[in-house]
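Q: This is the structure I want to talk about, given as structure tokens.
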Amino acid sequence: MADPKEIVLEFIHSKSKQKSKFYFNDLAALFPEMKMREAKKLINQLVSDGVLEYWSSGSTTMYGLPGTGKQAGAEGEE
Amino acid sequence: MAKHATPLLDQLQSGPWPSFVSDIKEEAERRHKNEKNVEYQVPVDVCDDLLGILELSYKDGTTHWKHGGIVGVFGYGGGVIGRYCDQPQMFPGVAHFHTVRVAQPSGMYYTSEYLRQLCDLWEMRGSGLTNMHGATGDIVLLGTTTPQLEEIFYELTHNMNTDLGGSGSNLRTPAACLGESRCEWACYDAQELCHQMTNEYQDELHRPAFPYKFKFKFDGCPNGCVASIARSDMSFIGTWRDEIRIDQEAVAAYVGGEIQPNGGAHAGKDWGAFDIEKEVIDLCPTECMWMEDGKLKINDRECTRCMHCLNVMPRALRIGNDRGLSILVGAKAPILDGAQMGSLLVPFIKVEEPYDEIKEIIEGIWEWWMEEGKNRERLGELIKRQGLAKAIAAVGLTPVPQHVMEPRHNPYIFWKEEDVEGGWDRDIADYRKHHQR
Amino acid sequence: MAFVSSGYNPEKPMENRITDIGPRHFSDFLPPVIAKNKGTWLWHEICEPGILMHKAESGDEVYTVRCGGSRLMTVGHIREICAIADKFAGGHLRFTTRNNIEFMVGTLDEAKKLKEYLNSQKQSGGSHRFPVGGTGAGITNIVHTQGWVHCHTPATDASGTVKVVLDELFEEFGQMRMPAQVRISMACCLNMCGAVHCSDIAILGYHRKPPVIDHEWLDNLCEIPLAVAACPVGAIRPTKKEIVTEKGETKTVNTVAIKNERCMFCGNCYTMCPSLPLSDQTGDGLVIMAGGKVSNRISNPKFSKVVVAFIPNEPPRWPTLAKTIRQIVEAYASDARKYERVGDWAERIGWERFFEKTGLEFSEHMIDDFRDPAYYTWRQTTNFKF
């Protein structure tokens, strides 16, 4: 199997013209053979490794590449 | 002299109920005096500016806060809510004003020592404003800046042995009633189960991977003091399946007027002498009680354990001995498709360490919801979309009449091929042997 | 304001990091009499408003004094609570799910002295600090949300509306003359982060104007697909628009269009996109709902129903809100039977009588037209009252 990190990065880059943040389900769908809770471990590991970062609406959490997206500027947290 | 004039808020300093305005003003003064020489890590006038921006909202009738989604502590996807004010030049003290949710001990008992530690931390590294507690149950610390978040987390975990709570698409901080600690109606140790499940699922609480938020609440009995049936995706409500224990002498004492009904809850008005027929037997929803030779009789098999008779006569009637809990699923507030109450999933389960049976139910539901749930779909909405039967199947239970208030109103049963004899594969030639075209 | 480190090293965030420890175990905090008798309580009674007595199998008694608290409280206020706990209750206390504070003592005499002390404590403006009550068939503390104090989508203030309603109902907090307990709850927008949908009386902030669109800036501050996806009713779509900028230039920008008639005023789009602000001085106000409950006692748990479609925001003291709630409470107190909750009462007399007795006006806005559940609220029978 290809490096999960590469799979996630490739997917995010392919969508980067439209949006910078993704739901867990969007990323988990990249690993159809995995159980959801395995995918959870993998994707959260990417957060711990600094590959991804969380963005929370308060009620929902999304994932994106650190520092990307227009909110980053709007929130003044560069 | 206050930094900002607050003529509108000042009008909330009158009236008998405790005034949050007076409280915040007093805190603002204490910060300026700083008698203990605290090395404030957020602006000293944070409380003044909070009052200032709130006064502005009172004047113009609109909020002045913006949401922020990035801030948090490393490796956690929840526990911190980003807040920024939209008038930072006028109110620099609250330009960045993030919320920190802190996990509360179940039942919300504290020692003054612990709370003082929390106060010291929050006075130095935050605004000094809190919510005791937020609606979900967390200790909520209101107002700090981004550089303080890791420092606060470090002090909480290292000095106070306390973790953050949940937010976002996580398991939210579970909450329990005070349970067995001080209530005769607790059918299981709600505090302990809440604590154990909170710790068992720390990963789900801090690292989001659910379609949306998910709440556990633990009520010790059907009175529902933490409202689990209305506001938790998974509601654990204590119950029993044997007989209500009756003390006939105490029943007689209630009938004779020696003991106040309902623990004296109605003492503020003259409701007349206690009438057991009118106040207990006639109000029993299943009509399973009667008096016989001066003794109270209960047909326990017909009882649905609504708690009314126990509530009215706590000294005469006690919960049964064969105790456990019911699990209901899918409660939520109206957004989006309308409010939902929890629907019964597990009629009865024993509460026994290490709680493996309960964990199996929880994990069965999560597996199903994580696979099938759409983005931002609460468990209750998935149950509505796919049907309660799917939820029952997800946890491997057999459907029973207890699962419904009444059977379905339509015959549109979506039969599965394997449930119909002979399957669905038919030969048109066979049909044509008996039917012309 | 020199930075003081906690010990955390930003260069090495994982060094000595403690995670996933959860809350403190409650047994660290139980008063001795509570720890000793846990699981063996026999019965309880309310000795007088605000004082509860619990009796254990061991014969032990614990007296609890309950007082009201503002959910929004400062560390200074918490320290006062701690001082009271130290002086009267062995350094222990607890909070209730309705933001009340409880101190536990050994005798009725101590409880009465504590009650007297708590009731004598006043704030600088003259309000009570720790009013004792909130027990039995009365009106206890109002649970609420953040409001203008700290939230980005509220349609009103939460602390303020709660303060004025509790000022209005103050004497009910300290007495027990209601037919049953009356639970009042407040949420400052329809997202109900405080779930108020099963309360005897619910106060709900409500917006009535769709978001206003900051076309010039939207594409710079927000990602349009996320704003579109945030809308739960699919009312937002991407579009291009020719605008005149603040500097007077004409240009075409990427932005969104909103189908206003579809908007349910939830503010989810504003959460994702600060260029879609929702709040508005005249548009925003309050809804009152009534007749919900969570207890299974006598009747099943039930949802609150909308009984007042709109009350304007009237800060700082929201007089119409306070008066309307008083009206509902008085009608209920004088007409309901003992043990009957607001919703049980309304169902027994019929909602047509509820509006008559409370003097509230019925309008088309009280007829549900939102999706499936609406049908089940209409009257499919000839059984009604004139």
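The values are calculated or read from the model by the stated rules, or taken from the named source; none is laboratory data. As the structure is a computational prediction, the values presented were derived from the model and not from experiment. With ideal geometry, Cβ positions are generated from the backbone for all residues, glycine too; neighbour counts draw on all protein chains shown. The accessibility values were calculated without ligands, DNA or RNA, using every heavy atom of the protein model including side chains. Shrake-Rupley method; radii C 1.70, N 1.55, O 1.52, S 1.80 Å.
Q: Would you mind finding the one in C:Pro225, C:Pro238 that is at pLDDT 95 or above and open to solvent by 20 Å² or more (accessible area, probe 1.4 Å)?
A: C:Pro238
Q: For region A:35-53, give me each residue that is at pLDDT 90 or above and under 22 Å from B:Gly373 (Cβ atoms).
A: A:Ala39, A:Lys40, A:Lys41, A:Leu42, A:Ile43, A:Asn44, A:Leu46, A:Val47, A:Leu52
Q: What about C:Glu356, is it touching a residue at least 60 places away in the same chain (Cβ under 8 Å), within 25 Å of C:Arg177 (Cβ to Cβ) and not small (Gly, Ala, Ser)?
A: For C:Glu356, the condition - touching a residue at least 60 places away in the same chain (Cβ under 8 Å), within 25 Å of C:Arg177 (Cβ to Cβ) and not small (Gly, Ala, Ser) - is not met.
Q: Considering each residue of region C:371-382, count those that are exposed (fewer than 12 other Cβ atoms within 10 Å of the Cβ) and within 15 Å of B:Pro334 (Cβ to Cβ), and give that number.
A: 3
Q: Those residues that are more than 16 Å from B:Gln340 (Cβ to Cβ) and hydroxyl-bearing (Ser, Thr, Tyr), I need them from region C:284-317; list them, please.
A: C:Ser295, C:Ser299
Q: Residue check, B:Glu377 against (1) part of a helix (DSSP H, G or I); (2) in contact with a Pro (Cβ under 6 Å, 6 or more places away or on another chain), all met but one. Which one?
A: The number of the failed condition is (1).
The rows are residues; the columns are (1) under 26 Å from C:Ser5 (Cα atoms); (2) modelled with pLDDT under 95; (3) not acidic (Asp, Glu).
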site	(1), (2), (3)
B:Gln13	no, no, yes
B:Phe20	no, no, yes
B:Asp23	no, no, no
B:Asn37	yes, no, yes
B:Cys47	yes, no, yes
B:Gly52	no, no, yes
B:Gly61	no, no, yes
B:Trp65	no, no, yes
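Q: May I ask you to verify whether B:Gly165 is modelled with pLDDT of 95 or more, open to solvent by less than 10 Å² (accessible area, probe 1.4 Å) and farther than 30 Å from B:Lys374 by Cα?
A: No; evaluated as a whole, the condition is false for this residue.
Q: Which pairs do you get when a residue that is outside any helix (DSSP H, G or I), found in region B:345-368, comes within reach of a residue that is exposed (fewer than 14 other Cβ atoms within 10 Å of the Cβ) and among the polar types (S, T, N, Q), reach meaning Cβ atoms under 7 angstrom, with the pair 6+ apart or on two chains?
A: Here the result reads B:Pro347/B:Gln402, each pair linking region B:345-368 to a residue that is exposed (fewer than 14 other Cβ atoms within 10 Å of the Cβ) and among the polar types (S, T, N, Q).
Q: Here's something else I'd like to know. Among (1) within 14 Å of chain A (Cβ to nearest Cβ); (2) open to solvent by 30 Å² or more (accessible area, probe 1.4 Å); (3) in contact with a His (Cβ under 9 Å, 6 or more places away or on another chain), there is one condition B:Ala333 misses while meeting the rest; what is its number?
A: Unmet condition: (2).
Q: Let me ask you something else. Assess whether B:Tyr110 counts as being within 21 Å of B:Thr198 (Cα to Cα) and at the interface with chain C (Cβ under 10 Å from one of its Cβ atoms).
A: It is true that B:Tyr110 is within 21 Å of B:Thr198 (Cα to Cα) and at the interface with chain C (Cβ under 10 Å from one of its Cβ atoms).
Q: Taking B:Val255 as the residue in question, decide whether it is open to solvent by 50 Å² or more (accessible area, probe 1.4 Å), touching a helix residue (DSSP H, G or I) at 6+ places or on another chain (Cβ under 7 Å) and either under 29 Å from C:Ile34 (Cα atoms) or not assigned by TED's automatic domain parsing to the domain that holds B:Ile335 (or both).
A: Considered against the rule, which asks whether it is open to solvent by 50 Å² or more (accessible area, probe 1.4 Å), touching a helix residue (DSSP H, G or I) at 6+ places or on another chain (Cβ under 7 Å) and either under 29 Å from C:Ile34 (Cα atoms) or not assigned by TED's automatic domain parsing to the domain that holds B:Ile335 (or both), B:Val255 comes out as yes.
Q: Listed residues B:Asp219, B:Asp203; which is out of contact with any Pro (no Cβ under 8 Å at 6 or more places or on another chain), open to solvent by less than 10 Å² (accessible area, probe 1.4 Å) and charged (D, E, K, R)?
A: B:Asp219
Q: Please determine, by comparing only the residues of region C:344-386 that are in a loop (DSSP other than H, G, I, E, B) and of a type in the set (A, V, I, L, M), which one is nearest to C:Gln181 (Cα to Cα).
A: So, considering only residues that are in a loop (DSSP other than H, G, I, E, B) and of a type in the set (A, V, I, L, M), the one nearest to C:Gln181 (Cα to Cα) is C:Leu360.
Q: Looking at B:Asn262, B:Asn311, can you tell me which residue is touching a Lys or Arg at 6+ places or on another chain (Cβ under 8 Å), facing another protein chain (nearest Cβ under 9 Å) and either in contact (Cβ under 8 Å) with a residue 24 or more places away in the chain or assigned to a helix (DSSP H, G or I) (or both)?
A: B:Asn311
Q: State which residue is most open to solvent (accessible area, probe 1.4 Å) when the search covers only region C:78-106 and only residues that are in a loop (DSSP other than H, G, I, E, B) and more than 8 Å from chain B (Cβ to nearest Cβ).
A: If we take residues in region C:78-106 being in a loop (DSSP other than H, G, I, E, B) and more than 8 Å from chain B (Cβ to nearest Cβ), then C:Gly90 is most open to solvent (accessible area, probe 1.4 Å).
Q: Here's a follow-up. Can you tell me which condition B:Tyr114 does not meet? The list is (1) in a helix (DSSP H, G or I); (2) free of Cβ contacts under 8 Å to residues at least 12 places away in the same chain, and all the others hold.
A: Tallying (1) in a helix (DSSP H, G or I); (2) free of Cβ contacts under 8 Å to residues at least 12 places away in the same chain, B:Tyr114 fails exactly one: (2).
Q: Mind listing whichever residues of region B:99-117 are buried (at least 24 other Cβ atoms within 10 Å of the Cβ) and within 30 Å of B:Lys3 (Cβ to Cβ)?
A: Listed by number, the residues that qualify are B:Thr99, B:Val100, B:Arg101, B:Val102.
Q: When you check B:Val42 against the structure, is it farther than 23 Å from C:Lys122 by Cβ and open to solvent by 10 Å² or more (accessible area, probe 1.4 Å), yes or no?
A: In short, no.
Q: For region B:152-161, how many residues are within 12 Å of C:Arg24 (Cβ to Cβ) and buried (at least 24 other Cβ atoms within 10 Å of the Cβ)?
A: Total meeting the criteria: 1.
For every residue, the table says whether it meets (1) open to solvent by 10 Å² or more (accessible area, probe 1.4 Å); (2) at positive phi; (3) not in a loop (DSSP other than H, G, I, E, B).
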| position | (1), (2), (3) |
| --- | --- |
| B:Lys3 | yes, no, no |
| B:Trp17 | no, no, no |
| B:Asp49 | no, no, yes |
| B:Leu56 | yes, no, yes |
| B:Gly82 | no, no, yes |
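Q: Okay, next question. From C:Val256, C:Val244, grab the single residue that is surrounded by fewer than 23 Cβ atoms within 10 Å (Cβ to Cβ) and either on the phi < 0 side of the Ramachandran plot or modelled with pLDDT of 95 or more (or both).
A: C:Val244
Q: Right, B:Gly93: within 24 Å of B:Gln196 (Cβ to Cβ), open to solvent by less than 20 Å² (accessible area, probe 1.4 Å), small (Gly, Ala, Ser) and modelled with pLDDT of 95 or more or not?
A: It is false that B:Gly93 is within 24 Å of B:Gln196 (Cβ to Cβ), open to solvent by less than 20 Å² (accessible area, probe 1.4 Å), small (Gly, Ala, Ser) and modelled with pLDDT of 95 or more.
Q: Against the condition in contact (Cβ under 8 Å) with a residue 40 or more places away in the chain, facing chain C (nearest Cβ under 8 Å), surrounded by fewer than 24 Cβ atoms within 10 Å (Cβ to Cβ) and in a loop (DSSP other than H, G, I, E, B), how does B:Gly75 come out, does it pass?
A: yes
Q: If I ask for residues that are in a loop (DSSP other than H, G, I, E, B), at the interface with another protein chain (Cβ under 7 Å from one of its Cβ atoms) and either modelled with pLDDT of 90 or more or at positive phi (or both), which ones from region A:54-75 would you list?
A: Scanning region A:54-75 gives A:Gly58, A:Gly69.
Q: Given the criteria among the acidic types (Asp, Glu) and surrounded by 14 or more Cβ atoms within 10 Å (Cβ to Cβ), does B:Glu421 qualify?
A: no
Q: Moving on. Being assigned to a helix (DSSP H, G or I), within 11 Å of chain B (Cβ to nearest Cβ) and not β-branched (Val, Ile, Thr) narrows it down to one residue among C:Leu218, C:Leu278, C:Leu321, C:Leu226; which is it?
A: From the options C:Leu218, C:Leu278, C:Leu321, C:Leu226, the qualifying one is C:Leu226.
Q: Residues of region A:20-65 being among the aromatic types (Phe, Trp, Tyr) and open to solvent by less than 30 Å² (accessible area, probe 1.4 Å), which ones?
A: Answer for region A:20-65, where residues must be among the aromatic types (Phe, Trp, Tyr) and open to solvent by less than 30 Å² (accessible area, probe 1.4 Å): A:Phe22, A:Phe24, A:Phe31, A:Tyr54, A:Trp55, A:Tyr63.
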